[in-house]
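First up is the structure itself, then whatever we jot down about it.
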Amino acid sequence: MRHLLSAADLGRGETTQILDLAEEMAQVQARPVKKLPALRGRTVVNLFFEDSTRTRSSFELAGKWLSADVINVSAKGSSVSKGESLRDTVLTVAAMGVDALVIRHHASGAPAQASQWVDAHVINAGDGTHEHPTQALLDAFTLRRHFRVTEPDRTTFDGKVVVIAGDVTHSRVARSNVLLLRTLGAEVVLVAPPTLMPSGVDSWPVATSSDFDEVLPEADAVMMLRVQRERMSGGYFPTPREYTVGYGLTRERLGRLKPGAAICHPGPMNRGLEISADAADAANSLILDQVAAGVAVRMSVLYELLGGEDSPARGEN
Ligand code: NCD
């Protein structure tokens with residue numbers, strides 16, 4: 001694998017390999033001394049043109065725990081705010097001699113474009129409303145662990161139903177998850193008000209519904225999506241209250257879930273809008289497990305991309 005631009009780049013075998021390696025990385029994460037020498041001498045740049053808490057810091061920790069040198073460049077505070085183009089910024093950073101570029105950008109397709117311009121490995125850390133493949137990997141890691149609590153030998157998601165609910169139209173998390181969950185064998189049901197269900201969804205390998213209450217009892221896991229107000233130009237729903245009544249994971253709706261069904265949210269959450277505090281903090285909420293998984297999975301991805309390569313440093317030691 002040269003770049004990770006889309007969850008569609010990953011087959012079942014490759015996904016399983018990344019998740020298995022992430023299990024080993026999670027053991028490092030649990031140790032008092034969190035350091036492996038694997039990527040010593042390699043350089044990773046986080047190039048973030050959009051805000052981020054989880055993704056940026058987990059890529060940074062992932063690189064550092066593998067002993068890579070990691071720097072962060074964000075649009076705010078860089079020459080991007082002086083009007084530099086994406087191409088010039090990417091070429092400038094790459095000219096310093098970086099091995100991997102982790103890119104988040106508000107334009108769908110920006111990381112794929114960047115991968116044409118540079119020799120470095122490019123990882124898509126979220127591009128517009130398009131994709132966020134490492135989020136789908138960390139969600140798969142979290143769900144696989146959850147399903148293994150009762151079925152320790154489970155390797156696929158065959159027979160499992162994952163309901164993804166909320167602002168599907170603006171969600172790169174939903175797009176990457178649909179691809180990866182299907183690759184792993186899950187059935188996916190998308191739930192959204194008609195205004196937030198993307199056009200063209202009929203050709204996706206999923207079932208769709210606008211009735212959250214009807215599908216909830218089927219779910220082995222429910223993934224709530226953030227209402228992305230920053231990407232909305234007009235009125236997609238009458239009032240926040242009405243959105244919550246129709247599509248929020250409210251306390252009342254928790255009672256419709258199968259016992260033990262997992263509750264996920266990629267964060268950041270709008271508590272009280274798409275998810276209630278009761279749901280976010282429920283015993284079967286995996287939201288903080290998802291955050292923890294983010295570091296282990298990104299360590300695994302960085303290692304897959306950079307770890308096998310010969311480097312001068314490796315020869316010397
Ligand atoms: C998501 C993102 O930025 O795509 N968050 C994340 O990476 N954990 C989802 C969101 O912003 O709603």
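The values are calculated or read from the model by the stated rules, or taken from the named source; none is laboratory data. None of the values given here were measured: they were computed from a predicted structure. Heads up, the Cβs are rebuilt from the backbone with ideal geometry, glycines too, and the neighbour counts pull from every protein chain shown.
Taken together, the residues in region 196-223 that are among the hydroxyl-bearing types (Ser, Thr, Tyr) and crowded, with 16+ Cβ neighbours inside 10 Å amount to 3.
The set of residues in region 87-113 being surrounded by 17 or more Cβ atoms within 10 Å (Cβ to Cβ) and of a type in the set (Lys, Arg) consists of 104 alone. Just one of the listed residues (170, 146, 132) is over 24 Å from residue 273 (Cα atoms) and of a type outside the set (Gly, Ala, Ser), and it is 146. The residues on offer are 125, 114, 110, and the sole one that is within 27 Å of residue 200 (Cβ to Cβ), within 13 Å of the ligand (Cβ to nearest atom) and not β-branched (Val, Ile, Thr) is 125.
Residue check: is residue 103 at pLDDT 95 or above and part of a strand (DSSP E or B)? In short, yes. Is it the case, given these coordinates, that residue 241 is away from the ligand (no atom under 16 Å from the Cβ), closer than 22 Å to residue 143 by Cβ and of a type outside the set (A, V, I, L, M)? Considered against the rule, which asks whether it is away from the ligand (no atom under 16 Å from the Cβ), closer than 22 Å to residue 143 by Cβ and of a type outside the set (A, V, I, L, M), residue 241 comes out as no.
Quick one: which of 227, 215 is in the same structural domain as residue 162 (by TED's automatic domain parsing), modelled with pLDDT of 95 or more and part of a loop (DSSP other than H, G, I, E, B)? Let's see the steps before the verdict.
Values: 215 fails: part of a loop (DSSP other than H, G, I, E, B).
Every option except 227 fails the conditions.
Every residue in region 271-291 that is part of a loop (DSSP other than H, G, I, E, B), of a type outside the set (A, V, I, L, M) and surrounded by fewer than 19 Cβ atoms within 10 Å (Cβ to Cβ), please. The answer is 272, 281, 284.
Could you pull out the residue among 254, 184, 216, 179 that is within 16 Å of the ligand (Cβ to nearest atom) and not aromatic (Phe, Trp, Tyr)? Explain how you work it out, then say what you get.
On the way: 254 fails: within 16 Å of the ligand (Cβ to nearest atom); 184 fails: within 16 Å of the ligand (Cβ to nearest atom); 216 fails: within 16 Å of the ligand (Cβ to nearest atom).
Being within 16 Å of the ligand (Cβ to nearest atom) and not aromatic (Phe, Trp, Tyr) holds for just one of 254, 184, 216, 179, which is 179.
Within the bounds of region 114-125, is there any residue that is assigned to a helix (DSSP H, G or I) and crowded, with 24+ Cβ neighbours inside 10 Å? Yes, because at least one residue in region 114-125 is assigned to a helix (DSSP H, G or I) and crowded, with 24+ Cβ neighbours inside 10 Å.
Filtering region 159-174 to residues that are over 17 Å from residue 257 (Cα atoms) and within 10 Å of the ligand (Cβ to nearest atom) leaves 167, 170, 171, 172, 173, 174.
Residues that are closer than 30 Å to residue 182 by Cα and not in a helix (DSSP H, G or I) are absent from region 34-45 altogether.
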